[in-house]
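Read the structure below first, then the notes.
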Amino acid sequence: MQELSNLRMAVQREASKFSENDREEEEDIKALLIQCSHAVYANDYRTAEILIKLIRNQSSLDENWTQRMAFAFADALEARLTGTGSELWRRLSAKRISTLEILKIAQLIVTCCPFARTSIYYANRTILNMEKKTGVLHIVDLGIGFGFQWPSVIQGLSDQNMKATKLRITGVDFPRPGFRPAELVEETGRRLEDYARSFNVPFEYHGMASKNWETISLDDLKITKGEVLIVNCFWCLKHIGDEAVSLNSPRDQILQLIYKMKPHIFFDGVHNIQSFSPFFITRFRQCLNLYSALFEILDILVPRDNKQRQTMERHFMARDILNVLACEGSDWTMKPETCKQWHQRNLRAGLEPIPLDLAIVKECREILTEAYNNKIFFMEEDGNWLLQGWNGRVFDALSTWKPKSAQTS
């Protein structure tokens, strides 16, 4: 892959810049950040303001990953100190990033990191391997976004000479701020419809923009008896409320809805991240540990002057750090869990795991080996979970499920 080769050469040119002095700087800045978090928690405004100023003097949007990370954390600490976290988070969330820029970011992620590519490959390969007796394949995608996952399924149906198979996609996502809340899911539907038409694949799309996915009913999803039903949810349930929001956890309600759908397969893709503590000091250390790793990964894989990397760091990652550290109550929406926690939630909802397809896992390993640096990335199986990570740390997990009473065909 030429893009990956070019990225590697650019990164190697910068790698020599990182020295023991940088490691010392990393430890110094982290110590300042932790000290500042204690001052913010204690409402010690004078000390916190002094420390934030010191951190800003040692941070930058353009230098090494430590300085870039410190810049985002300083903003979040200042927002918590001044009580402006929720306001700033809403403003960042409302900022529009163009579809073209999102496409470029997605291409960058797939080019330099295997997690999304191999997870999507596993799911789509599984779907295309299924026997579709009814001639109707219905995919309910919770968190469809721009629909990047589905062109390969459309093309696969065409390549398999299964043009008689009708593909139905129900795309669910959060509403966009502004006067057109359903704009994203509608645009996604039009693009997928055009793509399906170009491959002569019968296609039907239904888009839903909903803030509260737990309120979606079976009728809303327009499920038809006899169709092959797939439920797909990659990396989105961490933004759904948990027990802290309601005793009847919205996350559990969504999983119970999936059980009621009686899908042939439910693909559950999650970021394997320890739950953030409700106690601020502990939460701060957890957040610092997580985003230190994420900023460092980007620094190793992508040149510092790459525009898409800058957008990821300055918009998406900074927004999430702000949400975790400066928002509380219903405004604190970034609440990931480990795959073990999701496993237990799925079981409680009446779902049972489907064993991994080892033949497809082998193909995923081949993608990892041929297209990526398998000395720093790894893939392993843990029960029915396919785990992926970097330098010994699991970041991404995928599993497949079905209702306990369901008979797949």
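I want to confirm something. Restricting to region 9-47 and keeping residues that are surrounded by 14 or more Cβ atoms within 10 Å (Cβ to Cβ), within 30 Å of residue 371 (Cα to Cα) and not acidic (Asp, Glu), which single residue is modelled with the lowest pLDDT?
11
Among 321, 281, 254, 297, which is touching a Phe, Trp or Tyr at 6+ places or on another chain (Cβ under 7 Å) and surrounded by fewer than 17 Cβ atoms within 10 Å (Cβ to Cβ)?
Result of the check over 321, 281, 254, 297: 281.
Go over the candidates 46, 125, 96, 56 one by one and state the one that is under 28 Å from the mean Cα position of the chain (by Cα), more than 30 Å from residue 357 (Cα to Cα) and not polar (S, T, N, Q).
Just one listed residue meets the conditions, 96.
Which of the residues spanning region 253-308 are part of a strand (DSSP E or B) and either under 28 Å from residue 328 (Cβ atoms) or not hydrophobic (A, V, I, L, M, F, W, C) (or both)?
Hits for region 253-308 are 268, 269, 270, 271.
Could you check region 191-231 and list, in sequence order, the residues that are free of Cβ contacts under 8 Å to residues at least 40 places away in the same chain, part of a helix (DSSP H, G or I) and either out of contact with any strand residue (DSSP E or B) (no Cβ under 8 Å at 6 or more places or on another chain) or closer than 24 Å to residue 346 by Cβ (or both)?
Answer for region 191-231, where residues must be free of Cβ contacts under 8 Å to residues at least 40 places away in the same chain, part of a helix (DSSP H, G or I) and either out of contact with any strand residue (DSSP E or B) (no Cβ under 8 Å at 6 or more places or on another chain) or closer than 24 Å to residue 346 by Cβ (or both): 194, 198, 215, 219, 220.
Is it true that residue 84 is surrounded by fewer than 21 Cβ atoms within 10 Å (Cβ to Cβ) and modelled with pLDDT under 90?
The answer is no for residue 84.
Could you pull out the residue among 325, 386, 356, 347 that is within 29 Å of residue 260 (Cβ to Cβ), at pLDDT 95 or above and assigned to a helix (DSSP H, G or I)?
On inspection, the qualifying residue turns out to be 347.
With 120, 144 as the choices, which residue is crowded, with 21+ Cβ neighbours inside 10 Å, among the hydrophobic types (A, V, I, L, M, F, W, C) and either assigned to a loop (DSSP other than H, G, I, E, B) or out of contact with any helix residue (DSSP H, G or I) (no Cβ under 9 Å at 6 or more places or on another chain) (or both)? Can you show your working first?
Working: 120 fails: either assigned to a loop (DSSP other than H, G, I, E, B) or out of contact with any helix residue (DSSP H, G or I) (no Cβ under 9 Å at 6 or more places or on another chain) (or both).
Unique residue meeting the criteria: 144.
Taking residue 98 as meeting all but one of (1) over 20 Å from residue 321 (Cβ atoms); (2) among the polar types (S, T, N, Q); (3) in contact (Cβ under 8 Å) with a residue 24 or more places away in the chain, write down the number of the exception.
The failed condition is (3).
Does residue 126 satisfy the criteria of being more than 30 Å from residue 92 (Cα to Cα), modelled with pLDDT under 95 and either surrounded by 16 or more Cβ atoms within 10 Å (Cβ to Cβ) or not assigned by TED's automatic domain parsing to the domain that holds residue 257 (or both)?
No.
The values are calculated or read from the model by the stated rules, or taken from the named source; none is laboratory data. For clarity, every value in this text was computed on a predicted model and none was experimentally measured. Using ideal geometry, Cβ is built from the backbone for each residue, glycine included, and neighbour counts are taken over all protein chains shown.
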